[in-house]
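Data block below; observations after.
Laboratory data are not the source of any read-out in this text; all were calculated from the coordinates shown. Everything numeric in this text was worked out from a predicted model, so none of it was measured. No Cβ is skipped: glycine too gets one built from the backbone with ideal geometry, and neighbour counts run over all protein chains shown.
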Amino acid sequence: MIVRSALIQTTGSLDKEENIVKHIELIEEAASQGSQITCLQELFSTPYFCQVQDAKWYSQVEPIPGPTTRRMQEVAKKHSMVLVVPLFEEEAPGIYYNSAVVIDADGTLLGTYRKTHIPQLPGFWEKFYFRPGNLGYPVFETRYGLVGVYLCYDRHFPEGARILGLQGAEIVYIPSATSRGLSMHLWHIEQTAHAIANGYFVGTINRVGQESELGPNDYYGSSYFCDPRGQVIAQASDSEEEVLVADLDLDLVREVRDAWQFYRDRRPDAYEKIVAA
């Protein structure tokens, strides 16, 4: 079965409504190209405010379901499109998460993934804003396939990527905000490795350009899709906003898993030390 999917990479502005309207327009563009599943970038409705530690950004938080998710549910229904929508989520006053919702093609809110691994280093002060996720690694049964979500810093940890595969994910989306520097050479290594080790498609997004009002981070775009063999099948620019569209042959998931049999040959009985600490 062929599923057409889109990734949206942009530069965020300081204005939440401007970001939302811009993404709705880009979703329209994806729809015009036939996208059935479209993924937005990490914290899509705001700039990447974690460049600074400033409590004023708490005002951008919202519940799930909430005004932005309801708006995106209407967009999804309008286009018969599955949407992956990353948001700054409020569970309760003072309890905030870096999250992503998955909305089915009929507008149904299928559920939420909360970012599990939270960084705290210059330019990425996420522990100031977010609690670690507590919903595990759900896989969502959408109209067009089984979808999992990992978020940015999560990609450095293979354990959750494996759990998504074990739970049947056919496509894993990894929205990110990643700047030029230390991790650039890992951008293709880690995420293609997740695809290879687990036999699924990966669609990964990075912001592009600078949000200079907040700091010097220079996001290098380069969003891409790779197949279950780890081959990059479509890649966006490293400097321009873009809607990247690719056709994903989900039959390849079974073909690759049957060929490699990594799941058959796993030895979870021998991996106790991974979780012993």
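What is the list of residues in the range 1-38 whose amide nitrogen lies under 16 Å from a point 7 angstrom out from the Cα of R143, following Cα to Cβ? Residues 2-6, 28, 30-38 fall inside that zone.
In this simple spin-label approximation, L121 and E28 carry label points 7 Å from Cα along the Cα→Cβ vector, and these lie 4.0 nm apart. Note on the chain: helix-only mean residue ellipticity at 222 nm, from DSSP H runs of 4+ residues weighted -39500 (n - 2.57) and normalised by residue number, equals -7000 deg cm²/dmol. In terms of the mean number of neighbouring beta-carbon atoms within 10 Å, the peptides 189-199, 122-132 order highest first as 189-199, 122-132.
Placing +1 on each Lys and Arg Cβ and -1 on each Asp and Glu Cβ, with no other charges, gives the range 122-277 a dipole about its Cα centre of roughly 620 debye.
Computed over neighbours whose Cβ is under 14 Å from that of R267, the net charge equals +1, Lys and Arg +1, Asp and Glu -1.
Antiparallel beta bridges, as assigned by DSSP with both residues in the range 1-151, represent about 75 percent of the total such bridges. Across the range 2-276, Cα-Cα pairs farther apart than 24 Å form 44% of the total. Sequence-distant contacts, meaning Cα pairs under 8 Å at least 6 residues apart, place the relative contact order of the chain at 19 percent. Of all DSSP bridge pairs formed entirely within the chain, close to 70 percent run antiparallel. A protection proxy built from the mean count of other Cβ atoms within 10 Å ranks the segments 93-102, 225-234, most packed first, as 93-102, 225-234. With Cα atoms as the point set, the range 110-265 shows a radius of gyration and Dmax of 15.7, 50 Å.
For K56 and A270, a Förster radius of 45 Å and the Cβ-Cβ distance give a FRET efficiency of 0.35, rounded to the nearest 0.05.
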